[in-house]
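**Student:** So that we are looking at the same thing, I have put the structure below in structure tokens.
The values are calculated or read from the model by the stated rules, or taken from the named source; none is laboratory data. Fair warning: this is a prediction, and the values are worked out from it, not measured in the lab. Using ideal geometry, Cβ is built from the backbone for each residue, glycine included, and neighbour counts are taken over all protein chains shown.
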Amino acid sequence: MAVSGLIMIGYLLAHMYGNLKVFAGQQAFDDYAHHLRTIGEPILPYGGALWVIRIVLLVAIIAHIYSAVVLWRRDRHARGGTSRYDSPKARRGVQRSYASFTLRWGGIVIVLFVIYHLLHLTWHVVTPGGPASSPYQRVVNGFEVWWLVAVYTISLLAIGLHLRHGVWSALTTLGAHTSAAARRRLNILAYVVAIAITVGFLLVPFSILFGVVN
Amino acid sequence: MNITVRVWRQAGPDEPGKMVSYDVPDVDEHMSFLEMLDVLNERLTTRGEDPIAFDSDCREGICGTCGVVINGVAHGPQQTTTCQLHMRSFSDGDVLDIEPWRADPFPVLKDLVVDRSAFDRIIASGGFISAPTGSAPDAHAAPVAKADADHAFDAATCIGCGACVAACPTGSAMLFTAAKVTHLGLLPQGQPERKARVVEMVATHDEEGFGGCTNIGECAAVCPKGIPLETISRLNRDLLGALIRPHT
Ligand code: HEM
Ligand code: FES
């Protein structure tokens, strides 16, 4: 759970950095997309490094979902069924974060999003806003469509909440939570990563929707 | 004050249970929560009804025998044991929901009494030191750093009441297990079996059917002894170390 989650976070940070190249213009963005496929040449074939990344990610995603399902089945049993306490009071717990409630449905939203996202910008099966041959143009066409921006926004909020709990939890699982002061620092770090990724990704669609980039 | 309690009534381990309401008039605010239940039980007995079964022993917050979920919170609104909770924490006219700890490894025996012997089996799988120590050593014979002594002592205050499990959204007993791993793992006497201890205790924890810890923190928030959440991260460190390098 922790290791696979952190691998995905590393990927998300790199992916977000790449997306922000939209602000450097069409040439820079398209060059970047092309460059991703030439990293490591000539030792690796064209697109080789990208495939290495894809395989690592796929393994991480499968490991993450597998662990989530195993944990979920174990937990549902352990806590004595779904309707645990009859009392309707304290349903929100004593101190737990809102984010900690969203991991399961949030995770499902994220999977559905990733599938749609691949169909959209990797495989070009769906082409909201019209097809195009340049990666930059595909992005711009898509995000001129308001409902696509809405879909991406909801998904990134789910990712933000997932990361708010996930970053804290992963680092704690790995033993970084050594004191009350460390707890404060890890929680701040989780907020920073969650907000940076959510806002960083959303900058692009909103800039296009509002015509800052076109 | 006059209150109403809604209590989980269950005649036996395999019987169905349900919440039953009782009015409890004339409650003194200085009564402990368990004394309030004692008074209710006297009245039930006088009326020829079955008294409500609940566990308690020392009634001074040190044995860990008592413990019920009050209004959805393990041990109720104060961070203390149920026996140390007083009726002044509630107000006239309140309706209190009283339920047993709920977790698969803690089956209900009767009403509010659950079987917590799963905890004993976790301890039996490593929560001890087997060095023959003889009589108590001189205090300065094996120096212990002050910070380690403090952390070990914090962890050693666990009374094994089970509130952490009752509060945990995933039914994990990691705070309990981590408290013993930390207590012994920080002291010189605990070193020889440190790695085997954490591996064995976590394995037994999982076999008993407790859930996995997801670092939500409800356990530490209800722990009557205030065992800190970072105790679990200490266990995680020991466990990672033991799994990566089992023999050094
Ligand atoms: C199918 C999609 C997903 C599902 C069903 C899912 C499910 C979960 C669940 C149930 C947890 C809970 C673990 C806990 O409570 O601590 C979790 C944790 C986590 N998730 Fe996901 N997740 C998904 C996708 C993602 C993605 C796309 C990322 C990264 C972008 C991610 C990063 C994390 C991290 C870092 C953790 C913390 C790991 C830990 O607690 O040790 N997850 N996930
Ligand atoms: S009865 Fe001993 S701790 Fe409550």
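**Student:** Of all residues in segment B:186-234, which are in a loop (DSSP other than H, G, I, E, B), at the interface with chain A (Cβ under 8 Å from one of its Cβ atoms) and touching a Gly at 6+ places or on another chain (Cβ under 7 Å)?
**Tutor:** B:PHE210, B:GLY211, B:LEU229, listed by residue number.
**Student:** Return a yes/no flag: does segment B:183-191 have any residue that is crowded, with 16+ Cβ neighbours inside 10 Å, farther than 16 Å from B:LEU235 by Cα and out of contact with any His (no Cβ under 9 Å at 6 or more places or on another chain).
**Tutor:** The answer is no; no qualifying residue exists.
Every residue, every condition in (1) in contact (Cβ under 8 Å) with a residue 24 or more places away in the chain; (2) within 16 Å of ligand 2 (Cβ to nearest atom); (3) out of contact with any helix residue (DSSP H, G or I) (no Cβ under 9 Å at 6 or more places or on another chain); (4) at negative phi, yes or no:
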| position | (1), (2), (3), (4) |
| --- | --- |
| A:THR153 | yes, no, no, yes |
| A:ARG184 | no, no, yes, yes |
| A:LEU189 | no, no, no, yes |
| A:LEU202 | yes, no, no, yes |
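**Student:** Still on this structure, please answer the following. Only one residue in A:TYR46, A:TYR85 is in contact with an Asp or Glu (Cβ under 7 Å, 6 or more places away or on another chain), without any contact (Cβ under 8 Å) to a residue 40 or more places away in the chain and over 20 Å from A:ILE197 (Cα atoms). Which one?
**Tutor:** Of A:TYR46, A:TYR85, the one residue that is in contact with an Asp or Glu (Cβ under 7 Å, 6 or more places away or on another chain), without any contact (Cβ under 8 Å) to a residue 40 or more places away in the chain and over 20 Å from A:ILE197 (Cα atoms) is A:TYR85.
**Student:** Does at least one position in segment B:140-157 carry a residue that is surrounded by 24 or more Cβ atoms within 10 Å (Cβ to Cβ), away from chain A (no Cβ under 14 Å) and under 13 Å from the mean Cα position of the chain (by Cα)?
**Tutor:** No: zero hits.
**Student:** State all residues of segment B:162-199 that are more than 30 Å from A:ARG104 (Cα to Cα) and either within 16 Å of ligand 2 (Cβ to nearest atom) or touching a residue at least 60 places away in the same chain (Cβ under 8 Å) (or both); if no residue qualifies, say none.
**Tutor:** Listed by number, the residues that qualify are B:GLN189, B:GLY190, B:PRO192, B:GLU193, B:ALA196, B:ARG197.
**Student:** Just need a number here: residues in segment A:177-186 that are surrounded by fewer than 19 Cβ atoms within 10 Å (Cβ to Cβ), within 24 Å of A:LEU12 (Cα to Cα) and at the interface with another protein chain (Cβ under 7 Å from one of its Cβ atoms).
**Tutor:** Qualifying residue count, segment A:177-186: 0.
**Student:** Could you say which residue among B:ARG88, B:ARG59, B:ARG116, B:ARG121 is within 16 Å of ligand 2 (Cβ to nearest atom), among the charged types (D, E, K, R), at pLDDT 95 or above and more than 14 Å from the chain's Cα centre (by Cα)?
**Tutor:** So the residue among B:ARG88, B:ARG59, B:ARG116, B:ARG121 that is within 16 Å of ligand 2 (Cβ to nearest atom), among the charged types (D, E, K, R), at pLDDT 95 or above and more than 14 Å from the chain's Cα centre (by Cα) is B:ARG59.
**Student:** Which helices (runs of 4 or more DSSP H) does segment A:1-111 wholly contain that include 3 or more residues that are more than 16 Å from ligand 2 (Cβ to nearest atom) and within 14 Å of chain B (Cβ to nearest Cβ)?
**Tutor:** Those helices (runs of 4 or more DSSP H) span A:2-19, A:48-78.
**Student:** Here's a check for you: in segment B:164-185, which residue that is hydroxyl-bearing (Ser, Thr, Tyr) and away from every other protein chain (no Cβ under 11 Å) is farthest from B:ARG116 (Cα to Cα)?
**Tutor:** Selected residue: B:THR182.
**Student:** Looking at segment B:62-85 only, could you name the residues that are within 14 Å of ligand 2 (Cβ to nearest atom), of a type in the set (Val, Ile, Thr) and either surrounded by fewer than 22 Cβ atoms within 10 Å (Cβ to Cβ) or within 14 Å of chain A (Cβ to nearest Cβ) (or both)?
**Tutor:** Once the filter is applied, which keeps residues that are within 14 Å of ligand 2 (Cβ to nearest atom), of a type in the set (Val, Ile, Thr) and either surrounded by fewer than 22 Cβ atoms within 10 Å (Cβ to Cβ) or within 14 Å of chain A (Cβ to nearest Cβ) (or both), segment B:62-85 yields B:ILE62, B:THR65, B:VAL68, B:ILE70, B:THR80.
**Student:** Could you tell me whether A:SER83 is under 29 Å from B:VAL114 (Cβ atoms) and away from ligand 1 (no atom under 15 Å from the Cβ)?
**Tutor:** Judged against the criteria, A:SER83 is a match.
Conditions (1) touching a strand residue (DSSP E or B) at 6+ places or on another chain (Cβ under 8 Å); (2) under 23 Å from A:LEU174 (Cβ atoms); (3) without any contact (Cβ under 8 Å) to a residue 12 or more places away in the chain, marked per residue:
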| position | (1), (2), (3) |
| --- | --- |
| A:GLY5 | no, yes, no |
| A:LEU12 | no, yes, no |
| A:GLU41 | no, no, yes |
| A:LEU58 | no, yes, yes |
